[in-house]
Every structure is written in C-alpha cells, then in structure tokens.
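This report concerns only the one structure given below.
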Amino acid sequence: MGKQGDFWVFGYGSLMWQPGFAHLGVEQALLRGYHRAFCVYSHHYRGTHSRPGLVLGLDRGGACRGLAFRVAADEAEEVMTYLDERELIGYAYLAKTVPIEIGDQKVDAYTYVADPAHRHYAGKLGLAKSAELIMNAEGLNGLNRDYLINTLRKLESMGFADKSLHALLVRIERMTGIIDQGSGI
C-alpha cells in the first residue's frame with residue numbers, strides 16, 4: 001500500500017474527481033460511521049449568498065465509499081495546507097483524521113466531516129428542497145448540479161451506486177426537462 005509514514009487523504013465528493021494535489025496513488029476506500037450527504041450550504045464554489053447551493057459533507061452514521069489518496073510523507077504538510085484552504089473556506093467542515101479501510105488494510109486518513117453546529121450546516125433538507133437549491137445555484141466553480149453529476153459519475157465509474165444522489169439527479173432532470181443526460185446523442 002505504501003511506505004511507512006505516507007499520508008492518506010479520504011475523498012468523497014469533488015476530491016474524487018478533482019483532487020488538485022500531487023499523490024503517489026489512489027485506492028478505493030470505505031469509511032464507517034459517516035455517510036455522504038448534501039448537508040452543507042455553499043456560498044462560494046457552488047452558490048452565492050443570495051442563491052446558496054449545497055455541497056457534500058460527511059454526516060454522522062452509516063458508511064461512505066470514496067477514494068484514498070496516498071501522499072508522500074514529506075509532502076503531507078503542503079497537501080494539508082492546500083486542502084484546508086480549499087475546503088475550510090467558510091463551510092461547515094471540521095478537518096479530522098479518521099480510520100478508513102482499503103481492502104483488508106486499515107489506515108488513518110485526513111478528511112472533512114460536517115459540523116452540525118456551524119451556521120452553514122444544512123442538515124437533512126429532503127429531496128425536493130435539496131433539488132431546488134442545487135438546480136438554481138451557481139458559484140465560482142460552476143453550476144451546483146455539475147458538482148452532483150460529476151460526483152455521481154465518478155462513483156458509478158468505480159462500481160458504486162448511491163441511491164440518494166441518483167434520486168436527487170432524477171429529480172433535477174425532471175425539473176430541467178432533461179430525460180437522458182449524458183447519452184452522447
């Protein structure tokens with residue numbers, strides 16, 4: 001898996017398809033005790049203050065499949081600084097080291113969990129409200145619905161189904177009138 005002292009990062013949303021940092025390798029991983037959820041308001045990357053979007057966070061309970069990025073030990077501080085600047089920009093995240101499973105190996109990984117005490121924590125909004133926010137939001141990194149689509153496509157390319165994300169995409173497709181998104185036609 002890697003040399004002793006390597007630094008691991010667990011990605012469950014945009015980090016999976018756009019890590020933005022140098023890494024030695026990437027493995028599929030499982031985190032227990034948290035699940036992926038659109039539970040954080042975005043006023044920067046995927047929304048604005050007047051029209052907030054939603055981004056993914058790790059919320060308590062369940063399990064989450066994602067990617068573990070192996071980073072050389074001597075680059076750990078630089079990668080952590082980059083990730084903190086990217087992920088802690090006013091959002092309801094707490095940087096945390098969590099145990100993840102990579103095959104039959106357990107390692108500690110750096111990631112971001114949702115902070116339910118933060119004012120940007122949205123909690124469980126339900127399908128209709130989440131779809132409405134995602135459908136109508138756009139921020140510095142583009143449309144909020146592209147964030148959903150890219151995350152879902154990455155998960156599916158890894159062989160994982162996420163029923164809640166898929167249901168959200170179906171709801172948004174109905175809202176936009178797009179029935180067969182990404183068919184190549």
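Below, the figures for the structure above:
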{"read-out": "Choice from Ala117, Ala29, Ala76 showing the highest fluctuation, given a GNM over the chain with Cα pairs closer than 10 Å", "value": "Ala117"}
{"read-out": "Integer Hz, Karplus 6.51/-1.76/1.60 couplings in order for the range 111-116, x for Gly and Pro", "value": "7, 10, 10, 5, 9, x"}
{"read-out": "Listed residues Gly25, Gly90, Gly159, most fluctuating in the chain (Gaussian network, C-alpha, under 10 Å)", "value": "Gly159"}
{"read-out": "Pairs of lysine residues in the chain - Cα separation under 20 Å, sequence separation of 8 or more or cross-chain", "value": "5"}
{"read-out": "Least to most buried among Ser42, Ser164 (fewest other Cβ within 10 Å first)", "value": "Ser164, Ser42"}
{"read-out": "Percent of beta bridges antiparallel (DSSP, the chain, rounded to nearest 5)", "value": "95 percent"}
{"read-out": "Per-residue [θ]222 nm for the chain (sum of -39500 (n - 2.57) over DSSP H runs n ≥ 4, rounded to 500)", "value": "-9000 deg cm²/dmol"}
{"read-out": "Length-normalised contact order for the range 1-100 - Cα pairs under 8 Å, 6+ apart - percent", "value": "38 percent"}
{"read-out": "Residue among Asp74, Asp108, Asp59 with the largest mean-square fluctuation in a Gaussian network model of the chain, springs linking Cα atoms under 10 Å", "value": "Asp74"}
{"read-out": "Sites Glu138 and Gln18 - FRET efficiency at Förster radius 25 Å, r taken between beta-carbons, to 0.05", "value": "0.90"}
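Just so you know, all these numbers are worked out from the coordinates, no wet-lab data involved. Since the model is a prediction, treat every value here as computed from it, not as a measurement. Here Cβ is always computed from backbone atoms with ideal geometry, including for glycine, and neighbour counts include all displayed protein chains.
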